[in-house]
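*Asks:* One structure, as structure tokens, below. Some questions next.
The values are calculated or read from the model by the stated rules, or taken from the named source; none is laboratory data. Owing to the predicted nature of the structure, the values given are computational and were not obtained by experimental measurement. A quick note on method: Cβ atoms are made from the backbone with ideal geometry, for glycine too, and the neighbour counts reach across all protein chains shown. These accessible areas exclude ligands, DNA and RNA; they are computed on the full protein's heavy atoms, side chains included. Shrake-Rupley method; radii C 1.70, N 1.55, O 1.52, S 1.80 Å.
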Amino acid sequence: MDSAEARRVGSGDESDDVDVVSPAVLGVDQEAHLEADRVPSPRPSGKRRATGIRVPQDLAAAERGSEAEDDDAVDERSPEEVAAAARNRSINLAITLAVVALVLAGLALWFRGEASSLTGGADGTNHALTDSAATSEVQGKLTVAIEKTLSYNFTELDATAKAVKEYLAGNAVCEYDKLFGQLKELAPAQKLILTTKVRQLGVTRLDGDKADLLVFVDQSTTRTDQNQTTASGAQFGIRAEKIDGAWKITDFDMLDQPLPDGKPAPSC
């Protein structure tokens, strides 16, 4: 052992017992400790909550906002494309209007044809279809004539004879005598009263001073000697003519109906 080693071993200095550490190893440990001090310890994480899309409370406002965004979008088409689209819209509108006009014209022609077909066969001389004032006059005058001539009261024979002379003419006088001949014979003895009321009267033809009518009447016959009343109804046609400014019945048409006693209607 040389003198240097003897001095180290024999020395009692406590500093000689300290281990010498390599600087390179110290540098590594320090960096490791420093890095450990800088990195925070991990925290436990909870379960991640699922998130969805939030629904707006006012859907209408949201839709309007979306439409406004669409309107604000920039049209990326070229001016030529925009002009072409506008021309196409104008052409389509013109075609649509033309089709509508053709349809309306066709409907107008169809309605005109239907109206012509309904009125084409009408008799232009029948003023009952065109002259309401003259038709009303005929109805009023002949209603009175029918009710007065076809009513009979055994106590008013003169009034009945006067009505017949005033409202009947031509064949109607003969037909009346045959229709009411039996009634005239029985009326005084049975004390008969015949009352006739026009229920409906229609003018089927009116040409100048001549008219054809269809009549519906209600009749009641009362035998005052037995206090019995019988009700009945009748329908018949009449022809009338304006004579000396007054409408008169010129013909009765019983429409081929038999009389109440079963006998055929009289003819003159």
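*Asks:* Quick check on my filter: what residues within the stretch 197-230 are under 45 Å from the mean Cα position of the chain (by Cα) and closer than 19 Å to ASN153 by Cα?
*Replies:* Residues of the stretch 197-230 that are under 45 Å from the mean Cα position of the chain (by Cα), as a first pass: 197-219.
Hits for the stretch 197-230 are LYS197, VAL198, VAL217, ASP218, GLN219.
*Asks:* Counting only residues that are within 16 Å of LYS141 (Cβ to Cβ) and in a strand (DSSP E or B), how many does the stretch 218-250 have?
*Replies:* Our first condition is that a residue be within 16 Å of LYS141 (Cβ to Cβ); within the stretch 218-250, this holds for 238-250.
The next check asks that each one be in a strand (DSSP E or B); those that pass are 238-243, 246-250.
Number satisfying all stated conditions: 11.
*Asks:* For the stretch 120-193, list the helices (runs of 4 or more DSSP H) that sit wholly inside it and hold at least 2 residues that are under 25 Å from GLY208 (Cβ atoms) and open to solvent by 60 Å² or more (accessible area, probe 1.4 Å); which are they?
*Replies:* Working: elements: 132-149, 157-167, 171-190.
The helices (runs of 4 or more DSSP H) meeting that bar are 132-149, 157-167.
*Asks:* Here's another thing I want to ask about it. Which condition number does MET254 fail, the rest of (1) out of contact with any strand residue (DSSP E or B) (no Cβ under 6 Å at 6 or more places or on another chain); (2) at pLDDT below 90 being met?
*Replies:* Going through the list (1) out of contact with any strand residue (DSSP E or B) (no Cβ under 6 Å at 6 or more places or on another chain); (2) at pLDDT below 90, MET254 breaks only (1).
*Asks:* Taking VAL74 and the conditions (1) among the hydrophobic types (A, V, I, L, M, F, W, C); (2) at pLDDT 80 or above; (3) assigned to a loop (DSSP other than H, G, I, E, B), which numbered condition does it fall short on, given that it satisfies the others?
*Replies:* (2) is the only condition that VAL74 fails.
*Asks:* I would also like to ask the following. Could you list, in sequence order, all residues of the stretch 206-223 that are free of Cβ contacts under 8 Å to residues at least 60 places away in the same chain and open to solvent by 60 Å² or more (accessible area, probe 1.4 Å)?
*Replies:* ASP209, LYS210, LEU214, ASP218, ARG223
*Asks:* A follow-up question, please. Looking at (1) open to solvent by 30 Å² or more (accessible area, probe 1.4 Å); (2) among the hydrophobic types (A, V, I, L, M, F, W, C); (3) part of a strand (DSSP E or B), find the lone condition where VAL203 falls short.
*Replies:* (1)
*Asks:* Scan the stretch 168-192 for residues that are closer than 14 Å to SER151 by Cα and under 54 Å from the mean Cα position of the chain (by Cα) and jot them down.
*Replies:* Residues satisfying the conditions are LEU168, TYR176, LEU179.
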